1. Just to be sure I understand, how many residues within segment 75-91 are modelled with pLDDT of 85 or more, in a loop (DSSP other than H, G, I, E, B) and exposed (fewer than 13 other Cβ atoms within 10 Å of the Cβ)?
2. Might you check whether a residue that is part of a loop (DSSP other than H, G, I, E, B), more than 16 Å from residue 30 (Cβ to Cβ) and at pLDDT 95 or above occurs anywhere in segment 97-105?
3. Please find, within segment 57-74, the residue that is surrounded by the most Cβ atoms within 10 Å (Cβ to Cβ) out of those that are under 13 Å from the mean Cα position of the chain (by Cα) and touching a residue at least 12 places away in the same chain (Cβ under 8 Å).
């Protein structure tokens, strides 16, 4: 007898952070952290660092490096992630763009 693979379906509003009921400020912070994490992990893979080597390069404790490699960045600050980027020779740039008030109100009403 074969087992059927059951897949959970989840319909998103287009932004996973909205679906998880994060505030707009929290969502913005998590999006930035996720982008930084993605760049860090790409750099780590390209160099083939072990956790021990990475702890030395990033000048941080191994448990923090483990959290980084496992994507557990919720308690890490954006500043800490940017420091990691600097130590991995990555340049960082943050851009901000104006969002008209009408779009902010519309987004709040759909939440």
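The values are calculated or read from the model by the stated rules, or taken from the named source; none is laboratory data. Keep in mind that what you see is a predicted model, and the values were worked out from it rather than measured. Every residue, glycine among them, receives a Cβ derived from its backbone with ideal geometry; neighbour counts consider all protein chains shown.
1. Within segment 75-91, the subset modelled with pLDDT of 85 or more is 76-91.
Next, from what is left, pick out any that are in a loop (DSSP other than H, G, I, E, B): 76-77, 88-91.
Those left that are additionally exposed (fewer than 13 other Cβ atoms within 10 Å of the Cβ): 77, 89, 91.
Matching residues across segment 75-91 total 3.
2. As a first pass, look at segment 97-105 and keep what is part of a loop (DSSP other than H, G, I, E, B): 97-100.
After this cut, where a residue has to be more than 16 Å from residue 30 (Cβ to Cβ) as well, the list is 97-100.
Right, trim to at pLDDT 95 or above and you get none.
No - not one qualifying residue is present in segment 97-105.
3. Step one: list which residues in segment 57-74 are under 13 Å from the mean Cα position of the chain (by Cα), which gives 67-74.
Narrowing further to those that are touching a residue at least 12 places away in the same chain (Cβ under 8 Å): 68-69, 71, 73-74.
Details: 68: 23, 69: 15, 71: 12, 73: 18, 74: 10.
This residue is 68.
Okay, residues lined up against (1) at pLDDT below 95; (2) assigned to a loop (DSSP other than H, G, I, E, B):
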| site | (1), (2) |
| --- | --- |
| 4 | yes, yes |
| 17 | yes, no |
| 26 | yes, no |
| 39 | no, no |
| 54 | no, no |
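For every residue, the table says whether it meets (1) surrounded by fewer than 16 Cβ atoms within 10 Å (Cβ to Cβ); (2) over 30 Å from residue 97 (Cα atoms).
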| site | (1), (2) |
| --- | --- |
| 23 | yes, no |
| 28 | yes, no |
| 34 | yes, no |
| 37 | no, no |
| 40 | no, no |
| 45 | yes, yes |
| 55 | no, yes |
